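The values are calculated or read from the model by the stated rules, or taken from the named source; none is laboratory data. Just so we're clear, the structure is a prediction, and the values are computed from it rather than from any experiment. Cβ atoms come from the backbone with ideal geometry, glycine included; neighbour counts cover every protein chain shown.
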Amino acid sequence: MPVSQLPLVTGETLNTRSLNDKPTVYYFFAPWCKVCEYSIDNLTALEPQWREDKVNVLIIALDYSSLNEVTAYIDRHQLPFPVALGSRTIAERYKINGYPTYYIADAEGILNWVSVGYSTELGLITRLQLL
């Protein structure tokens, strides 16, 4: 996975290298994306089962018009994960061509799976179990 410094909506900065302690799900979304509205709930369902000990989750907002648009999305879905503010450069670096895009990297940061579009909670868990 490309190493990036990403600004978080909290004002802090996250170095993606810091996520290499366990597998990581990268979820790229656009606040206006209708499929993202439905698929994000499958990702948040992982939280009690996986997040504590087994997986990092990083949500990256792209193609947004304002910070308020992103924070409204976060509030609407009560996201328990860090949310980064992506840019066109980040979208190009990660080769994002549609929303939502999921990347799953192993604990060493090596990309193991990419998917564009809707993914179920079971689909995400299955892919994480294969790492």
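A few remarks follow.
- When Y64 is tested against (1) in contact (Cβ under 8 Å) with a residue 40 or more places away in the chain; (2) surrounded by 15 or more Cβ atoms within 10 Å (Cβ to Cβ); (3) under 23 Å from P2 (Cβ atoms), only condition (1) is not met.
- Residue pairs whose Cβ atoms lie under 7 Å apart, separated by 6 or more positions or on different chains, with the first residue in region 98-109 and within 15 Å of V57 (Cβ to Cβ) and the second among the basic types (K, R) and surrounded by fewer than 20 Cβ atoms within 10 Å (Cβ to Cβ), are I104/R127; A107/K22.
The rows are residues; the columns are (1) aromatic (F, W, Y); (2) over 18 Å from T120 (Cα atoms).
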residue	(1), (2)
V9	no, yes
N56	no, no
T89	no, yes
R93	no, yes
Y99	yes, no
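- Scanning region 80-119 for residues that are of a type in the set (V, I, T) and surrounded by fewer than 17 Cβ atoms within 10 Å (Cβ to Cβ), we see that the one that is farthest from K34 (Cα to Cα) is I110.
- Members of region 87-131 that are within 15 Å of I40 (Cβ to Cβ) and among the charged types (D, E, K, R): E121
- Residues in region 87-116 that are under 24 Å from L128 (Cα atoms), over 13 Å from the mean Cα position of the chain (by Cα) and part of a helix (DSSP H, G or I): R93 alone.
- For region 107-131, the set of residues classified as touching a Ser or Thr at 6+ places or on another chain (Cβ under 9 Å) and at pLDDT 90 or above consists of V114, S115, V116, G117, Y118, S119, listed by residue number.
- Selection count where residues are assigned to a loop (DSSP other than H, G, I, E, B), under 19 Å from G98 (Cβ atoms) and modelled with pLDDT of 95 or more, scope region 1-55: 4
- Taking each residue of region 75-86 that is within 14 Å of N42 (Cβ to Cβ) and assigned to a loop (DSSP other than H, G, I, E, B) and looking for partners that are modelled with pLDDT of 95 or more and among the β-branched types (V, I, T) with beta-carbon atoms closer than 6 Å, six or more apart or interchain, yields F81/I59.
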